[in-house]
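So the structure is just underneath, and the comments pick up after that.
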Amino acid sequence: MIKKMSLFMWAIFFAILAATIILYWHTAYAKKHFSCEAQLTLIDQTSSYDVLMNFTFANDSGTYEASGLYKDRDGRTINTSNKVNFTYWRKGNNLYLISKETNELPKSDIPVIDWKPDFFRKRNRGLALQVIQENADGYLFLYDSTPLFYCTRNNEPPIMN
């Protein structure tokens, strides 16, 4: 009877240990491997800009992809797109991103693109963001503690080329 009880206690101990290791691994993995999508609309007195963004983070590399529609007050529209490959590292809730390759279209200037950070337009430019997982469904992206947008988590695991 004592041997059965001892065996049972060891089994419980190893089950708890395994569960703890799996939970820790999953949490650490999830912080470095996720993908999410956000929609943003910017409006000023003369124009509006609707953009759909997708962020993918995996193994210290990432991708930002966006497509948008710029409209001025005269009804003129311009389709935009951008893809940025970047490296990143995390320190707490802060993510530090360095652009490797960018492909912003159109190449012509439109007013809303003028104030975009260099990270989205040029190689080897940095951007520091805070990314906080708000719930199981998504992340809050902040800049200097100011909320920028909510990014809804994609269900499929990120795949990086």
Give a residue-ordered list of calculated ³J(HN,Hα) values for the range 122-129 (Karplus: 6.51 cos²θ - 1.76 cosθ + 1.60, θ = phi - 60°; whole Hz; x for Gly, Pro).
9, 6, 6, 10, x, 8, 10, 10
Length gained if residue 59 through residue 125 is fully extended, taking 0.36 nm per residue and subtracting the Cα-Cα distance, is 21.8 nm
Which three semi-axes in whole Å describe the equivalent ellipsoid of the range 39-121, each the square root of 5 times a Cα gyration tensor eigenvalue, listed largest first?
27, 13, 11
Taking the Cα centre of the range 60-151 as the origin, how large is its charge dipole in debye, to the nearest 20, when only Lys and Arg (+1) and Asp and Glu (-1) carry charge on their Cβ atoms?
280
So residue 4 and residue 40, fully extended at 0.36 nm per residue minus their Cα-Cα distance, gain in nm 6.9 nm
Can you tell me how much longer the chain between residue 146 and residue 94 gets when fully stretched, taken as 0.36 nm per residue apart minus their C-alpha distance, in nm with one decimal?
17.4 nm
State the percentage of accessible surface on the range 76-145 attributable to carbon and sulfur atoms; use a 1.4 Å probe and exclude ligands, DNA and RNA.
47
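The values are calculated or read from the model by the stated rules, or taken from the named source; none is laboratory data. Values in this document were obtained by computation on a predicted structure and should not be read as measured data. Backbone-built Cβ (ideal geometry, glycine too); neighbour counts: all protein chains shown. In case anyone asks, the SASA skips ligands and DNA or RNA and just uses the protein heavy atoms, side chains included. Shrake-Rupley method; radii C 1.70, N 1.55, O 1.52, S 1.80 Å.
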